[in-house]
1. If amide hydrogens are placed 1.01 Å from N in the peptide plane, which non-local residues have theirs closer than 5 Å to the one on residue 299?
2. So if I take the centroid of the Cα atoms in the range 389-435 and the same for the range 363-387, what is the distance between those two points in Å?
3. Summing Lys, Arg as +1 and Asp, Glu as -1, what charge do residues with Cβ under 13 Å from the Cβ of residue 53 carry, residue 53 excluded?
4. Using the alpha carbons of the range 86-149, what is the convex hull volume per residue in cubic angstrom, as a whole number?
5. If you take every residue apart from residue 85 with its C-beta less than 15 Å away from the C-beta of residue 85, what net charge results, scoring Lys and Arg +1 and Asp and Glu -1?
6. Would you list 131, 144, 448 from fewest to most Cβ contacts within 10 Å?
7. Report, in listed order, any pair from 179/514; 242/360; 48/161; 43/489; 188/456; 179/503 with a Cα-Cα distance greater than 27 Å.
8. Calculate the radius of gyration of the Cα atoms of the range 3-248 to one decimal place, then report Dmax, the largest Cα-Cα distance, as a whole number, both in Å.
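Nothing in this text is a laboratory measurement; each read-out follows from the coordinates by a stated rule. Keep in mind that what you see is a predicted model, and the values were worked out from it rather than measured. Positions of Cβ are generated from backbone atoms using ideal geometry, with glycine treated the same way; all protein chains shown enter the neighbour counts.
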Amino acid sequence: MRFILEVQSIGKHFGGVAALSDVSFAMQDGQRHALLGENGAGKSTLIKILAGQQRADSGSILLDGERYMPTSPAAARQAGVVLVPQELSYCPNLPVSENLMLGELPSRLGFLRRGEMRAEALRRLERLGLTEINPDWPMSRLSTGQAQATQIAGAIARQPKLLLLDEPTSALSRGEATKLAQILAQLKTEGVSVLYVSHRMEEIFGSPDSGFTLCDTSTVLRDGRHVETAPLRGRSSDDVVKLMIGRELKHELLEHLSAERLRETPASTMVWAPPVRLKIENLCDPQRRRFEGISLDLRAGEVLGVAGLVGSGRTELARAIVGLDRGATGDVWLDGKRYDERSVRASLTRGLVYLTEDRKREGLVLGMSGTANWSLPFVSRFSPGAGLLRRGGERREASAAFESLKVKSAHPDSPVLSLSGGNQQKVLFARWLSVQPEPGIIILDEPTRGVDVGSKAEIHRLISELSTRGAAVLVISSDLPELLAVSSKMVVLRRGAIAGWLKRSEMSEHAAAKLMVGGAVAT
């Protein structure tokens, strides 16, 4: 038995907090190996150590039988270890072709050979089936899913010994994810080993709906410690989740969020219809034509799920509603009043909040503390004037907000950069739920992206509680089971237009997927 990777007693501390404690496991050559655990379990820290982004405090690593402890990402790549991070990292103003080949740009006598670069970029894109992407486009033109798929294409082209994938499908459509699974199966035959981090159990184990499985073995971490390394054959997702969280995930919580428990309340069947909190008429994007003619009503207590393939206009629609896209045309009403002065600041005063899908680029200031990130939109609440800040009051309220959402942090003043992705997401939730008065219209874009199964259930329950309190919630997600779990109704977008509506009784993965690809739903 030949091991491509042997992790031996690795430890890593941040201040007084142990991110990893005496972690040891081995990974066979050519294996597709899942690294599992809750947010804060140490997965990202271990991945960063393997990728040369951080140094371990103790322990050793063997790569293909030789001592391996990279001092930089470049050293890791030279050794044959390539990382595709969950949070996108690219140069938005450079073309796709240059981003695909950063660090290996073809040149002669100091001049860039653009024709050769473009041809190679096309080859890399085609291997992942990304034929709709023009290599001459700037990266800023791509959707989040397209940008993530492009980074995966670039990593695979480096022909790594060990490919590190951190939540690679979190922003991919089902078709893109299936294509990725096919490519990983091919890489296995070529002897490429893959260490795969994901919170999507249907990918790890496979399911009748997903049609594919990505891994054959798993290592489970909990609270920075190794719990188990074992083959996945014969195991269930419930078995592994119990190892991840140290307890069974209570089924009554999941039942609370299930389709049977989410009531359908169309106005036509009610004596009193809840008020319309968000109304949109003929919202269009005339400059880039990413969406056109969108009209919808969202009432108090409703959770509207927005489904669609990557590039369907889901995120662009949300940004236009809030006011981040100033070029959008059309009419928006909030609680019965026209909303013409659309901007982020104006939306807060009108009770509308937006949780972005890209928390690290648009939601957080990573070098600032959790407390400072939490209070950014309403820091004036803690200022008596003259440039002074009541830090004690700010810290107390932030601590209470974090505690209510079970944010795992060494201290509220710890940098957000030191938190796991899931806990960073909870900081954003804590921020927007602390806006005064309490927001009545909440737009959530990929609210559980990169979040573990336990935290995901908590966020789903929070969405249900918000709707019960009378909020109108719009949830955008590429995870159809998530939309089925939380939504009271669903709208499906296709190529920037509404492809169809699904009532609670009509909602299913099959019905949504059929609308997403252009089919009609039988009535």
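1. HN-HN under 5 Å from residue 299: 277.
2. One Cα centre to the other: 11 Å.
3. +2
4. Numbers: hull volume 5.6 nm³, N = 64.
Measuring per residue, one finds 88 Å³ for the Cα hull of the range 86-149.
5. Residues close to residue 85 contribute a combined charge of +4.
6. Details: 131 9, 144 21, 448 24.
With the sparsest Cβ surroundings first, the list reads 131, 144, 448.
7. Among 179/514; 242/360; 48/161; 43/489; 188/456; 179/503, the Cα-Cα distance tops 27 Å for 242/360; 43/489; 188/456; 179/503.
8. According to the Cα coordinates of the range 3-248, Rg and Dmax are 18.3, 62 Å.
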